[in-house]
């Protein structure tokens, strides 16, 4: 199986049972990927990870060591999952082997999907409750317990997770002194409308180029 998947690195101490793995993906020691799990291109799956059948992982995703990604969990392109993040997929769990619960687990009505959208990051030890959507480029702080949807670009921390600020697509915090702001590092511009933030599309200008050039010089 492994020899047939070109441009994929699979550590010999891992168990990989799916054929749906994109080019350039790396899967490290003691990871277990079950049949019918889907992993995109250029992903990195760390040691001691478990990817269950039905989990869907996009392109350019990083999953650090010690994570379990269950059926019903979707990680879109560019998502970062820090070490030991906890996903769930059942809001009212019981053992399917318990006689009183066998009827409910006879189908898939119990399964509740969770989605982490493009570019979002989950800090180490975060807990994501079943049915939650984490919006594009949001950042969930380490140890946060996410019990409800997170809007795009939000920085959330705590138990339960609450918004503490906003972040850029590059990951750094945004500071708003008015309705708009520009990331001090990468130069992307944003507008805040109440409890939401959106990226402002703009054509490249000489002013923007000078801004980015100066900031990159400061980072050297």
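Residues that are in contact (Cβ under 8 Å) with a residue 24 or more places away in the chain and in a strand (DSSP E or B) were ranked within the range 163-178; the one that is nearest to residue 78 (Cα to Cα) is 167.
Here 8, 69, 16 are screened, and the one residue that is touching a helix residue (DSSP H, G or I) at 6+ places or on another chain (Cβ under 9 Å) and under 25 Å from residue 120 (Cβ atoms) is 8. Across the range 174-220, the number of residues qualifying as modelled with pLDDT of 95 or more, surrounded by 14 or more Cβ atoms within 10 Å (Cβ to Cβ) and touching a strand residue (DSSP E or B) at 6+ places or on another chain (Cβ under 8 Å) comes to 11. When only residues in the range 45-76 that are part of a strand (DSSP E or B) and touching a residue at least 40 places away in the same chain (Cβ under 8 Å) count, which is nearest to residue 128 (Cα to Cα)? Among those residues, the one meeting the criterion is 73. Screening residue 132 with (1) surrounded by fewer than 19 Cβ atoms within 10 Å (Cβ to Cβ); (2) farther than 21 Å from residue 168 by Cα; (3) touching a strand residue (DSSP E or B) at 6+ places or on another chain (Cβ under 6 Å) gives one miss only, at (1). With the structure loaded, tell me whether residue 42 is surrounded by fewer than 20 Cβ atoms within 10 Å (Cβ to Cβ), in contact (Cβ under 8 Å) with a residue 40 or more places away in the chain, out of contact with any helix residue (DSSP H, G or I) (no Cβ under 6 Å at 6 or more places or on another chain) and assigned to a loop (DSSP other than H, G, I, E, B) or whether it fails that test. No. So which residues in the range 72-120 are surrounded by 15 or more Cβ atoms within 10 Å (Cβ to Cβ) and touching a helix residue (DSSP H, G or I) at 6+ places or on another chain (Cβ under 8 Å)? 110 - this is the single residue of the range 72-120 that is surrounded by 15 or more Cβ atoms within 10 Å (Cβ to Cβ) and touching a helix residue (DSSP H, G or I) at 6+ places or on another chain (Cβ under 8 Å).
The values are calculated or read from the model by the stated rules, or taken from the named source; none is laboratory data. Values in this document were obtained by computation on a predicted structure and should not be read as measured data. Glycine also receives a Cβ, built like all others from the backbone with ideal geometry; neighbour counts cover every protein chain displayed.
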